[in-house]
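Reading through the structure tokens given below for one structure.
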Amino acid sequence: MNDDEERPSQRQGARPGPVEGDTPQAAELAQWLRERTAGLTVRQLAERFRYGRSQWSEFLRGRKLIPLWLLEDVVTALVPGPQNQQMQRAIGRELLEAAEHADAARRAAHAPQLPDGTAHELQIRLDDARQGQIQAQQTLHSLTRLIYTFLSMVADLRQRCATLEAERDQARQRLEETNATVTQQRLAETEQHLAATEQQLAETEQRLEGVEDLLARTRWEQQEAEYVRIRALQRAEQHRRAYEQRTGDTPTEPVDEETGAVTLPQLWEYDHALEAADAQLHAHSARLSAIRERLGIPAPSQSQRPRTILGQVVPDPSTDSPDNAPTSSGSVRADSTDNADGSAALASPDRTRANTPGAGGSAAGAAGGPRGRRRPGRRTVLVGMVCLSLLAAGVWFARDQWQPSPSDSQVLRRADRLGKLVIGTKAGQPGLSMEKDGKWSGFDVELARRIADRLGFPEDKIKFVPVGTNSRETMIKNKKVDLVVGSYSINAEREKEVAFAGPYLLTGQRLLMRRGDTEGTVWVNDDETGSLYTKEVRSYVDLPPKTDVCTAADSTSQKKLESLKTESGEKQFDVTPLTDYDLCISGLLDTTYEVLSTDDVILAGYQAKYPNQLVTIGGDMSHEKYGIGMEKNDSVLHELVCDALEKEISSGRWDQLFKDNLGKIGVEETSPPPRTRC
């Protein structure tokens with residue numbers, strides 16, 4: 001291909017390299033997509049739609065298949081005329097379906113080993129995988145309709161905000177232009193109108209923020225549904241080939257289900273619409289989680305997301321907290337024998353005088369009340385104060401002598417009753433926490449085992465479960481896990497939801513990129529064409545604006561990356577948050593993303609796993625402190641975990657765990673940090 005073909009004129013827009021689809025069907029889809037997006041550069045496509053430049057380059061070259069929902073967005077935005085859109089949408093779907101099936105067949109053919117089992121077992125697995133594919137497809141369609149609804153709501157609410165802002169500005173201008181001829185009544189009416197307009201604007205902006213939050217969540221679920229659908233298709237193709245290989249026959253096809261429509265309230269019913277949409281999002285998330293679990297598709301789901309329910313906050317009853325003592329009114333109140341109405345014994349002087357005859361009190365009150373009752377005098381007050389002081393001293397003495405026990409912890413009592421202490425951790429972080437064939441290993445895992453053992457739960461009474469970055473707080477609050485030990489950074493926002501013990505490890509955020517063909521260089525994407533070239537990069541400031549970066553969703557790394565700007569004020573990164581770092585690594589290796597950014601101790605594990613392909617660059621962009629997460633309302637558990645952690649560190653066991661796990665992947669030896677949360 002000559003230079004003119006490689007870089008067309010600016011009028012036509014810079015285009016990526018030649019089509020390089022893994023299958024003829026993928027190449028045909030890429031060619032069709034190029035025709036639909038003719039005249040737009042990959043950067044323009046990335047700005048107009050929700051994918052980065054490198055991903056668009058992959059779509060247009062046929063090296064990666066465009067998601068169905070994005071394909072439909074492209075047709076809607078770039079193809080003129082409803083009838084033409086309908087025709088091109090149908091063509092695009094047909095080409096994508098053929099490319100997906102061809103890709104699944106290619107992957108199945110190159111799989112190291114096809115699934116084993118009897119013909120009946122393979123048919124059942126195949127039907128299950130196909131059903132999962134259908135259900136994921138239905139969920140995807142439903143989520144896409146929700147997105148279109150939210151986009152309409154956002155546009156409408158933004159227009160309302162603009163109208164109200166203009167009305168507010170006019171009212172303010174009228175107030176500034178008032179003069180002596182304006183009556184007080186007219187002035188008051190203008191001020192009242194301004195206040196009402198500002199109130200409406202504030203309420204509208206609040207609803208707009210809620211819709212935009214739900215839109216972001218729905219887009220996230222949409223990507224998850226697309227991922228599950230593709231994985232289910234690939235799994236079905238593997239079982240189909242295994243069935244044909246065993247029997248020589250073609251397996252029967254299941255009956256497809258119709259995709260039901262999702263009915264939402266009218267757009268003006270925003271509060272009801274948000275409530276209904278929130279419920280639908282949780283239902284879709286749960287459905288995707290069920291499909292993953294049934295088919296054994298890896299990568300954590302987002303089913304455990306925080307959910308706001310309007311109502312009263314009621315703490316769990318606890319024998320550990322005196323504040324939870326049962327009373328009829330919800331507060332502790334002691335009746336006094338010194339007052340017939342049960343009021344406090346130390347009455348105020350005014351209250352005492354009210355009992356005299358001159359103040360309308362009874363004769364009994366004038367005589368000091370019923371027989372045997374007296375109003376408290378100075379001596380009574382002093383005696384009461386002395387008694388309270390002695391009582392307080394006794395309480396503090398008892399507290400100083402008291403030693404916490406696992407039986408005093410609500411969480412540990414529950415775990416003992418169930419026979420397992422459930423610990424949440426990450427499932428795919430080399431050196432820190434890894435799961436392979438049901439066996440867990442890594443620094444976080446071994447430290448968690450040592451802590452659990454000191455809490456009275458040996459190896460056979462520990463259950464490790466994978467947790468996602470964005471689901472840890474919810475899993476703790478919903479009692480799905482008892483502790484979380486999994487690269488869990490301590491910050492103020494998370495401490496509103498859970499308690500931390502630690503920190504037990506310090507780390508910092510850096511960048512992981514593809515190693516270049518010469519020493520000291522890495523691969524980056526051309527700003528216009530999306531093609532790769534090598535460049536020396538020492539820090540994130542050496543990267544071009546809007547560099548494609550992947551990280552974990554709802555992580556401290558995501559917030560840091562989204563806050564970075566170039567010197568000219570542009571976004572430094574286009575951030576793609578995913579549920580799992582393994583997905584980011586896959587995208588980094590296949591050039592979907594240019595950078596993976598997270599804590600350097602996590603990056604060290606991946607660099608050790610791919611030493612010839614990946615390299616860590618840059619100094620620390622932030623400083624993170626890893627802690628052990630747990631419920632906020634179990635102070636006994638917190639004290640016990642802190643004590644166990646201190647013993648592990650003082651015994652030298654922490655240093656040995658560090659050398660055996662993190663030292664082997666090249667993490668520089670360090671000392672445990674001071675425990676500020678213990």
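The values are calculated or read from the model by the stated rules, or taken from the named source; none is laboratory data. Please read these numbers as outputs of a predicted model, since none were measured by experiment. Please note: Cβ atoms are built from the backbone with ideal geometry, for glycine as well, and neighbour counts cover all protein chains shown. Heads up: the accessible areas ignore ligands, DNA and RNA and are worked out on the full protein's heavy atoms, side chains in. Shrake-Rupley method; radii C 1.70, N 1.55, O 1.52, S 1.80 Å.
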Worksheet item: Considering amide H positions built from the backbone, and no H for Pro or chain starts, which residues 5 or more places from L532, or on another chain, come under 5 Å of its amide H?
Response: D526
Worksheet entry | Estimated vicinal HN-Hα couplings, Hz - the range 159-175 in sequence order (Karplus 6.51, -1.76, 1.60; Gly, Pro = x) | 5, 4, 4, 4, 5, 5, 5, 5, 5, 5, 4, 5, 5, 5, 5, 5, 5
Worksheet item: Roughly how many Å² is the accessible area per residue of the range 528-678, as a whole number, for a 1.4 Å probe?
Response: 43
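Once you charge only the Cβ atoms, +1 for Lys and Arg and -1 for Asp and Glu, what is the size of the charge dipole of the range 73-230 about its Cα centre, to the nearest 20 debye?
Roughly 420 debye, rounded to the nearest 20.
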Practice prompt. Starting at the first residue of the range 544-555, write each ³J(HN,Hα) from the Karplus equation 6.51 cos²θ - 1.76 cosθ + 1.60 with θ = phi - 60°, in whole Hz, x for Gly and Pro.
Written response: x, x, 6, 5, 6, 10, 10, 7, 7, 5, 6, 9
Discussion item. Show me, for the range 423-439, the HN-Hα J-couplings you get by feeding each phi into the Karplus relation (A = 6.51, B = -1.76, C = 1.60, θ = phi - 60°), rounded to Hz, glycine and proline as x.
Written reply: 10, x, 8, 7, 9, x, 10, x, x, 9, 7, 9, 10, 9, 6, x, 10
Response to the item:
At 37 °C and 0.692 mPa s, the Stokes-Einstein diffusion coefficient in µm²/s for the range 18-170, with hydrodynamic radius from the Kirkwood sum on alpha carbon pairs, is 179
Practice prompt. Compare the Cα positions of P673, Y610, M630 along the charge dipole of the range 599-678 (+1 at Cβ of Lys, Arg; -1 at Cβ of Asp, Glu; about the Cα centre) and return the one farthest towards the positive end.
Written response: Y610
Discussion item. Let me spell out the model: positive unit charges on the Cβ of Lys and Arg, negative unit charges on the Cβ of Asp and Glu, origin at the Cα centre of the range 40-86. What dipole size does that give, in debye rounded to 20?
Written reply: 240
Worksheet item: Protein chains only, probe 1.4 Å: how do K496, K461 rank by accessible area, largest first?
Response: K496, K461
Worksheet item: Of the peptides 616-624, 79-87, 138-146, how do they stack up when ordered by the mean number of other Cβ atoms within 10 Å, highest first?
Response: 138-146, 616-624, 79-87
Worksheet entry | Inter-centroid distance (Cα atoms) of the range 106-160 relative to the range 467-491, Å | 27
Fill in: Sum of side-chain charges, R653 neighbourhood, beta-carbon under 13 Å (Lys, Arg +1; Asp, Glu -1)
-1
Discussion item. Going by amide H atoms built from the backbone, whose H comes under 5 Å of the H on S622, apart from near neighbours?
Written reply: Q509
Worksheet item: For the range 625-673 and the range 584-621, what is the separation of their C-alpha centers, rounded to whole Å?
Response: 25
Fill in: Long-range HN-HN contacts of L421 with modeled amide H, under 5 Å
I462, K463
